[in-house]
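The values are calculated or read from the model by the stated rules, or taken from the named source; none is laboratory data. Since the structure is predicted, the reported quantities are computational estimates derived from the model, not experimental observations. Cβ placement follows ideal geometry from the backbone for every residue including glycine, while neighbour counts extend to all protein chains displayed.
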Amino acid sequence: MNLTDQARLVAGGSATATMERLSLVLWRERELLSELHYRLEVEQLVLASGRSRWLAHATRDIDALLGTIRETEVLRAVAADDAASVAGMSANPSLAALAEAAGDPWTTILTEHREAFVTLTAEIATLADSNKHLISAGYRSARETLLSLGESVDGYAADGTATADGSRNRLVDRSL
């Protein structure tokens, strides 16, 4: 019997308690990622509606939630290291490797957590990318509108900045 097996026998229920702690942290992280998904959808609705008044609030909510997610990631790393130690693995294991080494029922539970994380992060990445494009389009539209008040927008330079020709005359209806 090696030292790891002896530690497991001495610890008794501590291996189960360690895996339960890890699972609880993973559940919390999944809840936070679901909340992030929701808040990104809210931000997208605000962007799509054109009601930029609430955009700062939506962004602030997302930033606060990201801080909480970062804190939970630290807790997850500690719990995963503890679980890896109990399983006789080196520190900083992947969730897939930990699931493989954990044994039943933890293999199934950790695999389900991993699959949920993969799905959630893919959805969040897609939504965040979509929001980024909406924000960029809104910024370009506002910039072009402001430029059109004083100068014409002829096109865009290679670096993406608008080019304007200030020599053209504009007729502006100031009654609007």
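Key figures for this structure:
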read-out	value
Number of the condition not met by A125 [criteria: (1) surrounded by fewer than 15 Cβ atoms within 10 Å (Cβ to Cβ); (2) part of a loop (DSSP other than H, G, I, E, B)]	(2)
Residues located in region 74-111, provided they are surrounded by 13 or more Cβ atoms within 10 Å (Cβ to Cβ) and among the charged types (D, E, K, R)	R76, D81, D82, E100
Condition broken by A79, with the remaining ones in (1) modelled with pLDDT of 85 or more; (2) among the small types (G, A, S); (3) not in a helix (DSSP H, G or I) satisfied	(3)
Given (1) β-branched (V, I, T); (2) at pLDDT below 90; (3) under 25 Å from the mean Cα position of the chain (by Cα); (4) closer than 30 Å to L24 by Cβ, index of the condition V86 fails	(3)
Filtered residues of region 45-67 (kept if among the hydroxyl-bearing types (S, T, Y) and surrounded by 14 or more Cβ atoms within 10 Å (Cβ to Cβ))	T59
